[in-house]
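Below: the structure, in structure tokens.
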Amino acid sequence: MFSAYSSIDYHSMRASTPADAAAKRLDGIGHVLSDLDLSAIQTQGDMTRALWTLDAAAKCIRAVLAEFRAQPATDQLVRKSRYLIELIEQARGEVLNYRGTVVA
């Protein structure tokens with residue numbers, strides 16, 4: 001689901017503007033989420049950790065946007081943040097669908 005972020009070369013990216021720095025941070029959040037394996041959820045603890053990770057990522061996205069709110073709004077930041085939030089909500093729905101199959 002978040003696999004598009006797993007191939008980003010973070011070492012070659014340099015932030016030349018505040019908006020670039022925000023975009024890089026959003027890409028980093030996506031990269032972390034790309035390691036989240038929803039198919040490995042087997043216990044209630046796994047489900048709780050996955051939901052916590054998704055919620056934390058959503059909060060980080062909001063924090064990045066709030067930090068750069070004073071900067072001129074860029075379509076790139078808005079698109080990236082919306083895309084990530086949509087993926088997070090989709091993943092959250094998938095995790096919650098596991099509820100009936102998760103071992104306590």
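The values are calculated or read from the model by the stated rules, or taken from the named source; none is laboratory data. Small disclaimer: the values here were computed from a predicted structure and weren't measured. Neighbour counts are summed over all protein chains in view; Cβ atoms, including those assigned to glycine, are modelled from backbone coordinates with ideal geometry. Please note that ligands, DNA and RNA were not included when accessible areas were found on the heavy atoms of the full protein model with its side chains. Shrake-Rupley method; radii C 1.70, N 1.55, O 1.52, S 1.80 Å.
Filtered by the rule that a residue be surrounded by 11 or more Cβ atoms within 10 Å (Cβ to Cβ), assigned to a helix (DSSP H, G or I) and modelled with pLDDT under 85, segment 66-96 gives E67, Q76, V78.
Annotation: of all residues in segment 3-31 being at pLDDT 90 or above and of a type in the set (A, V, I, L, M), the one that is most open to solvent (accessible area, probe 1.4 Å) is I29. Out of the residues in segment 35-65 meeting the condition of being touching a Phe, Trp or Tyr at 6+ places or on another chain (Cβ under 9 Å) and open to solvent by less than 30 Å² (accessible area, probe 1.4 Å), tell me which one is nearest to E94 (Cα to Cα). Once the filter is applied, the top-ranked residue is L38.
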